[in-house]
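Only one structure is covered here, and it is reproduced in the block below.
The values are calculated or read from the model by the stated rules, or taken from the named source; none is laboratory data. If you're wondering where the values come from, they're calculated on a predicted model, not measured in any experiment. Here Cβ is always computed from backbone atoms with ideal geometry, including for glycine, and neighbour counts include all displayed protein chains. For the accessible areas, the whole protein counts, side chains as well, though only heavy atoms, and no ligand, DNA or RNA atoms are used. Shrake-Rupley method; radii C 1.70, N 1.55, O 1.52, S 1.80 Å.
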Amino acid sequence: MVNTMKSNVNKTIIEELNTSHSLPREKWHTLLSSFTEEDRIYAASLARRVADEIYGNDVYIRGIVEFSNTCNRNCYYCGLRAGNTKLERYRLSPDDIYSCCEDGYRYGFRTFVLQSGEDPYYTTEMICDLVRRLKKGYPECAVTLSIGEKSFEDYAAFKEAGADRYLLRHETANEAHYGKLHPENMSWKNRMRCLDDLKSLGYQTGCGVMIGSPEQTIDCLVDDMLYMQDFKPEMIGLGPFLPHSDTPFRDKPKGSYEMTLFLISLCRLMLPHVLLPATTALGTIRPNGREQGILAGANVIMPNLSPVRVRDKYMLYDNKICTGDTSSECRGCLERRMEAIGYKIVIARGDYNG
Ligand code: SAH
Ligand code: SF4
């Protein structure tokens, strides 16, 4: 009885989000602290309807080249952190990166995502040259960068070179929580400054969080939703926190699969046009997690284009999926997975259309 009453309240809140695309703090709090399985499924059905209206049954794919696992930062959660001395480090040359994208183009990718640890080996000029070369070779493709915190001038130079999009998860919109996930030399304010700079430079900008990161409370998630409601990112990356055995968070519990799916649905209702991937972490926590992510309102999948010889070295967390597969195997596998749930991978840039 109590549960049914709660669910009615939550159902009304979900409907309000669907019509007004925003909620006040108290309603976010009520929803995130008391949602039931029934509420989660209800939100997913509305979110899928919204995504179907805007994107139909198209799923956009992005090929990620994880071009360096070298990082000079020490985020407590991440397997690539500088303090992890067990990891064998690699760096792909610009030619190697380009040739991964050439393969990707043949497999139907029209967005290349270049991602790495924060690795000063790659200078601003090197990144700009690579972006220019890719945009020249593949003018109809989008280039997305995900290479961490840089200065306004660097972001401006990458944009000038032709970069279209940038992914930089804010990780948490709560400054005190940020301090529990990162060492003292990292600054929440700088991360938020980066996101503002990216947006002001005209990038399609992606932020996002790990769900269930250590010490994350419902209030932190409420702060995240309020931040995104205001910032209006073009892309949002949401995945469960998964521990990595060679980090300080090795013994911390993984994030909730259900909470991740619920937040995907709520993001779709809040920002109907947002580009929302069903992440690799979601596919790692559950074998059909990415399919369920799509059914909860996601519309993007980001398989790996890195050479197989380096794939198992880009381990952000334990047991990451697809590290033994080639790019063409991943492409085929995803095609079948999407078809099995009534969706189809499209050969398109897949820009934000809001
Ligand atoms: N160095 C860049 C990009 C690579 S990390 C950056 O930090 O922005 C990409 C994302 O992986 C991070 O933003 C983080 O949200 C996610 N990640 C790192 N460690 C993780 C873990 N243990 N579990 C789940 N996601 C993780
Ligand atoms: Fe480096 Fe990014 Fe991992 Fe932090 S999350 S340690 S910046 S790769």
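A quick yes/no check of all residues on (1) in contact (Cβ under 8 Å) with a residue 24 or more places away in the chain; (2) buried (at least 21 other Cβ atoms within 10 Å of the Cβ):
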residue	(1), (2)
THR279	yes, yes
PRO287	no, no
GLY297	yes, yes
CYS322	yes, no
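Restricting the first member to the stretch 164-193 and to residues that are of a type in the set (Gly, Ala, Ser), and the second to residues that are within 13 Å of ligand 1 (Cβ to nearest atom) and at pLDDT 95 or above, the beta-carbon pairs closer than 6 Å and six or more apart or on different chains are ALA173/ASP224. For LEU23, the conditions (1) under 22 Å from the mean Cα position of the chain (by Cα); (2) surrounded by 18 or more Cβ atoms within 10 Å (Cβ to Cβ) all hold with the exception of (1).
Looking at LEU80, LEU87, can you tell me which residue is over 13 Å from VAL300 (Cα atoms), within 16 Å of ligand 1 (Cβ to nearest atom), over 21 Å from the mean Cα position of the chain (by Cα) and not aromatic (Phe, Trp, Tyr)?
LEU87
When SER306, SER328 are checked against the criterion of being surrounded by fewer than 16 Cβ atoms within 10 Å (Cβ to Cβ), in contact (Cβ under 8 Å) with a residue 24 or more places away in the chain, polar (S, T, N, Q) and farther than 20 Å from LEU238 by Cβ, SER328 stands alone in meeting it. Residue count for the stretch 179-190 satisfying the condition of being in contact with a Lys or Arg (Cβ under 9 Å, 6 or more places away or on another chain) and within 12 Å of ligand 1 (Cβ to nearest atom): 2.
Report yes if THR111 is at pLDDT 95 or above, of a type in the set (Val, Ile, Thr), away from ligand 1 (no atom under 16 Å from the Cβ) and surrounded by fewer than 20 Cβ atoms within 10 Å (Cβ to Cβ), otherwise no.
So THR111 does not fit the description; no.
Residues in the stretch 3-26 include none that are hydrophobic (A, V, I, L, M, F, W, C), over 29 Å from GLN216 (Cα atoms) and assigned to a loop (DSSP other than H, G, I, E, B). Among the conditions (1) among the small types (Gly, Ala, Ser); (2) touching an Asp or Glu at 6+ places or on another chain (Cβ under 6 Å); (3) closer than 20 Å to ARG25 by Cβ, SER245 misses just one, which is (3).
Here's the yes/no breakdown for (1) in contact (Cβ under 8 Å) with a residue 24 or more places away in the chain; (2) over 30 Å from SER187 (Cα atoms); (3) in contact with a strand residue (DSSP E or B) (Cβ under 7 Å, 6 or more places away or on another chain); (4) within 16 Å of ligand 2 (Cβ to nearest atom):
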residue	(1), (2), (3), (4)
LYS11	yes, yes, no, no
LEU17	yes, yes, no, no
PHE35	yes, yes, no, no
ARG48	yes, yes, no, no
ALA51	yes, yes, no, no
ASP58	yes, yes, yes, no
CYS71	yes, no, no, yes
ARG81	yes, no, no, yes
LEU87	yes, no, no, yes
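For SER265, the requirement of being hydroxyl-bearing (Ser, Thr, Tyr) and open to solvent by less than 10 Å² (accessible area, probe 1.4 Å) is met.
Whenever a residue of the stretch 220-248 is of a type in the set (Phe, Trp, Tyr) and more than 9 Å from ligand 1 (Cβ to nearest atom), its partners that are at pLDDT 95 or above and assigned to a strand (DSSP E or B), lying with C-beta atoms within less than 9 angstrom and at least six residues away or across chains, give the pairs TYR227/CYS207; PHE231/THR205; PHE231/CYS207. When GLN216 is tested against the conditions (1) farther than 24 Å from ASP164 by Cβ; (2) more than 15 Å from ligand 1 (Cβ to nearest atom), the lone failure is (2). Considering only residues of the stretch 139-148 that are open to solvent by less than 30 Å² (accessible area, probe 1.4 Å) and under 16 Å from CYS101 (Cα atoms), which is farthest from ligand 2 (Cβ to nearest atom)? My answer is CYS141. Among the residues of the stretch 56-73, the one identified as open to solvent by less than 10 Å² (accessible area, probe 1.4 Å) and closer than 16 Å to LEU295 by Cβ is VAL59.
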